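Every number here is computed from the coordinates shown, using simple stated rules; none is lab data. Nothing here was measured: the structure is a model prediction, and the numbers come from that model. A quick note on method: Cβ atoms are made from the backbone with ideal geometry, for glycine too, and the neighbour counts reach across all protein chains shown.
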There are 2 protein chains.
Amino acid sequence: MTGLAGSERLLDDKAADLSPSVAARRACRTGTVTSTAGLANGFVQGNLVILPEKLAASFHRFCQLNPKPCPIIGMSDVGDPHIPSLGIDLDIRTDLPRYRVWHDGEVVEEPAEIMAHWRDDLVAFVIGCSFSFEEALMADDLPIRHIERKVRVPMYRTNIACRPAGPFAGPMVVSMRPFKPADAIRAVQITSRFPSVHGAPVHLGHPHSIGIADIARPDYGDPVPVEADEIPVFWACGVTPQAVIAAAKLPFAITHAPGLMLVTDLKNKQLAVL
Amino acid sequence: MTGLAGSERLLDDKAADLSPSVAARRACRTGTVTSTAGLANGFVQGNLVILPEKLAASFHRFCQLNPKPCPIIGMSDVGDPHIPSLGIDLDIRTDLPRYRVWHDGEVVEEPAEIMAHWRDDLVAFVIGCSFSFEEALMADDLPIRHIERKVRVPMYRTNIACRPAGPFAGPMVVSMRPFKPADAIRAVQITSRFPSVHGAPVHLGHPHSIGIADIARPDYGDPVPVEADEIPVFWACGVTPQAVIAAAKLPFAITHAPGLMLVTDLKNKQLAVL
């Protein structure tokens with residue numbers, strides 16, 4: 001054990017030389033990170049869904065049918081907790097700050113690591129996250145209300161049905177950002193370049209049309225005001241799988257805890273298709 | 001004269017072999033075309049502005065400063081009525097169905113040709129037209145209300161000031177098309193590919209914010225309804241130069257008559273930047 005501890009200390013000593021994404025994952029491993037927003041700027045973060053192999057094929061098909069809420073940016077082999085395409089040293093069991101363990105569609109535990117829950121039949125899916133496109137919007141000087149106010153983005157269950165696959169069915173969840181109309185047009189252009197992190201908005205302007213009764217009462221996250229000269233713009237959201245897991249009352253699943261994502265070694269700018 | 005008449009008949013006899021754009025210009029020369037909408041589908045049509053050389057440099061700079069309402073797709077040499085880049089046989093004095101002759105900012109005549117008005121100091125500017133992007137929208141199955149209703153697109157003077165150049169100053173004119181929100185997002189994506197024919201919208205959702213008091217009363221063209229689940233989407237419009245010519249009370253100018261454009265040999269699809 002002394003040798004191992006020595007080797008870990010050696011790695012810590014070299015942390016200053018690490019890529020910001022690797023350093024961020026190591027910080028997340030300690031369980032002390034309370035939000036990954038703003039961590040390792042420039043690097044892609046992802047939503048996590050872990051399922052038993054017998055459900056994984058259906059979920060993979062669900063993602064293929066619903067690429068706007070569920071754009072897959074990486075997945076593991078069966079039983080393998082590593083996803084080298086997202087990070088050579090990445091261990092999906094420890095590298096997120098907090099997880100949600102689901103039984104029968106309910107969250108039963110929110111542990112800081114899932115070593116004890118891991119099984120040889122599990123498959124991990126990493127799904128693109130809006131942090132990537134928000135970086136592109138801010139780089140274009142578009143103001144993002146919930147970031148300015150230091151709260152979580154407001155999210156809503158809609159009446160837009162996902163296309164079902166096996167037990168996976170349910171409503172699309174969307175995130176909302178208010179913009180002045182000219183900025184909304186620019187936001188459509190910018191996010192269209194990033195299809196693997198939800199891409200262009202799915203709706204704007206008429207919340208009632210997509211089943212949102214009260215814009216001031218999001219189903220997830222925090223409310224933000226929409227001013228009279230602004231329009232609410234809605235993007236498909238990576239929380240959709242969690243709504244679907246709950247709706248399907250799946251016997252077992254593990255996800256990330258909202259706002260506490262997987263930091264990958266991919267760069268946001270690599271995701272731009274144009 | 002017998003020989004010339006014979007040669008013209010020969011050209012007519014070969015009309016069936018002509019490119020649709022050349023055939024359309026020949027039809028426009030006869031002065032019998034009442035609208036160029038739907039003529040020579042697939043080919044670029046343009047707004048026309050003809051000015052004396054001493055004003056042309058200012059107008060050219062005005063267009064450069066205001067590329068969304070005034071994207072130049074072609075211009076003539078001083079005193080030359082031909083624009084071979086838009087059509088080898090094109091004669092700007094005869095090839096539009098109808099013109100407007102402006103004196104001191106007022107329309108004084110709407111002739112079918114301008115042979116008698118042409119001068120050695122005139123410069124012709126051809127400016128991109130929304131017909132091109134409407135073709136792309138329809139190719140994507142987006143419904144266009146004024147085309148369905150067989151009326152002219154509604155156009156409005158806004159409170160968006162053009163950037164001035166010399167005597168050229170005034171409000172941007174916009175055209176409006178109502179869409180369901182998801183179609184509005186798609187329309188932003190599609191028209192973004194066509195910057196030389198006005199490109200992406202300049203506004204959507206809040207007509208009052210851009211100085212439009214009553215969406216049912218356009219300043220040019222015809223009104224169309226905006227349904228409760230739709231949002232009005234506004235594009236910069238090639239009628240802007242005519243509003244500016246009127247506002248500047250220019251001593252002399254010639255333009256096309258609204259809806260009666262120049263048909264060019266350029267293809268709409270050639271204008272896509274992506």
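Listing for the model above:
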{"read-out": "Only one of B:Ala257, B:Ala187, B:Ala247, B:Ala165 that is touching a residue at least 12 places away in the same chain (Cβ under 8 Å), among the small types (Gly, Ala, Ser) and buried (at least 21 other Cβ atoms within 10 Å of the Cβ)", "value": "B:Ala187"}
{"read-out": "Within the stretch A:195-207, considering residues that are under 22 Å from the mean Cα position of the chain (by Cα), within 14 Å of chain B (Cβ to nearest Cβ) and not in a loop (DSSP other than H, G, I, E, B), the one surrounded by the fewest Cβ atoms within 10 Å (Cβ to Cβ)", "value": "A:Pro195"}
{"read-out": "Test: residue in the stretch A:182-193 that is away from chain B (no Cβ under 14 Å) and among the polar types (S, T, N, Q)", "value": "no"}
{"read-out": "Residue match in the stretch B:208-216 (condition: under 25 Å from B:Ala139 (Cβ atoms), among the hydrophobic types (A, V, I, L, M, F, W, C), more than 16 Å from the chain's Cα centre (by Cα) and within 14 Å of chain A (Cβ to nearest Cβ))", "value": "no"}
{"read-out": "Qualifying positions in the stretch B:35-80 - over 18 Å from the mean Cα position of the chain (by Cα) and in a loop (DSSP other than H, G, I, E, B)", "value": "B:Asp77, B:Val78, B:Gly79, B:Asp80"}
{"read-out": "Residues satisfying the stated conditions in the stretch B:236-255, i.e. of a type in the set (A, V, I, L, M, F, W, C) and away from chain A (no Cβ under 14 Å)", "value": "B:Cys237, B:Val239, B:Ala243, B:Val244, B:Ile245, B:Ala246, B:Ala247, B:Ala248, B:Leu250, B:Phe252, B:Ala253, B:Ile254"}
{"read-out": "Filter result for the condition that a residue is away from chain B (no Cβ under 14 Å), buried (at least 19 other Cβ atoms within 10 Å of the Cβ) and of a type in the set (A, V, I, L, M, F, W, C), over A:Val224, A:Val233", "value": "A:Val224"}
{"read-out": "Hits in the stretch B:97-139 (condition: aliphatic (A, V, I, L, M) and part of a helix (DSSP H, G or I))", "value": "B:Met115, B:Ala116, B:Ala136, B:Leu137, B:Met138, B:Ala139"}
{"read-out": "Matching residues, the stretch B:108-136, being over 17 Å from the mean Cα position of the chain (by Cα) and either surrounded by fewer than 17 Cβ atoms within 10 Å (Cβ to Cβ) or under 30 Å from B:Gln189 (Cβ atoms) (or both)", "value": "B:Val108, B:Glu109, B:Pro111, B:Met115, B:Ala116, B:His117, B:Arg119, B:Asp120, B:Asp121"}
{"read-out": "Residue ID - farthest from A:Ala247 (Cα to Cα), chosen from residues in the stretch A:150-162 that are surrounded by 19 or more Cβ atoms within 10 Å (Cβ to Cβ) and among the aliphatic types (A, V, I, L, M)", "value": "A:Val153"}
{"read-out": "Residues located in the stretch A:79-91, provided they are surrounded by 13 or more Cβ atoms within 10 Å (Cβ to Cβ) and aliphatic (A, V, I, L, M)", "value": "A:Ile83, A:Leu86, A:Leu90"}
{"read-out": "Residues within the stretch B:159-171 that are touching a strand residue (DSSP E or B) at 6+ places or on another chain (Cβ under 8 Å) and either away from chain A (no Cβ under 12 Å) or closer than 18 Å to B:Glu227 by Cα (or both), tallied", "value": "6"}
{"read-out": "Filtered residues of the stretch B:172-181 (kept if of a type in the set (A, V, I, L, M, F, W, C) and within 11 Å of chain A (Cβ to nearest Cβ))", "value": "B:Phe179"}
{"read-out": "Number of the exception - A:Ala216 against (1) part of a helix (DSSP H, G or I); (2) surrounded by fewer than 16 Cβ atoms within 10 Å (Cβ to Cβ); (3) aliphatic (A, V, I, L, M)", "value": "(1)"}
{"read-out": "Flag for A:Arg145 being under 22 Å from A:Gln45 (Cβ atoms) and not small (Gly, Ala, Ser)", "value": "yes"}
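Listed here are the residues, each with its yes/no results for (1) hydrophobic (A, V, I, L, M, F, W, C); (2) closer than 17 Å to A:Val263 by Cα; (3) in contact (Cβ under 8 Å) with a residue 40 or more places away in the chain.
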residue	(1), (2), (3)
A:Tyr99	no, yes, yes
A:Trp102	yes, no, yes
A:Pro143	no, no, yes
A:Thr158	no, no, yes
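Conditions (1) basic (Lys, Arg); (2) under 28 Å from B:Thr32 (Cβ atoms), marked per residue:
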position	(1), (2)
B:Asp95	no, yes
B:Tyr99	no, yes
B:His103	no, yes
B:Val108	no, yes
B:Trp118	no, yes
B:Asp140	no, no
B:Lys150	yes, yes
B:Pro154	no, yes
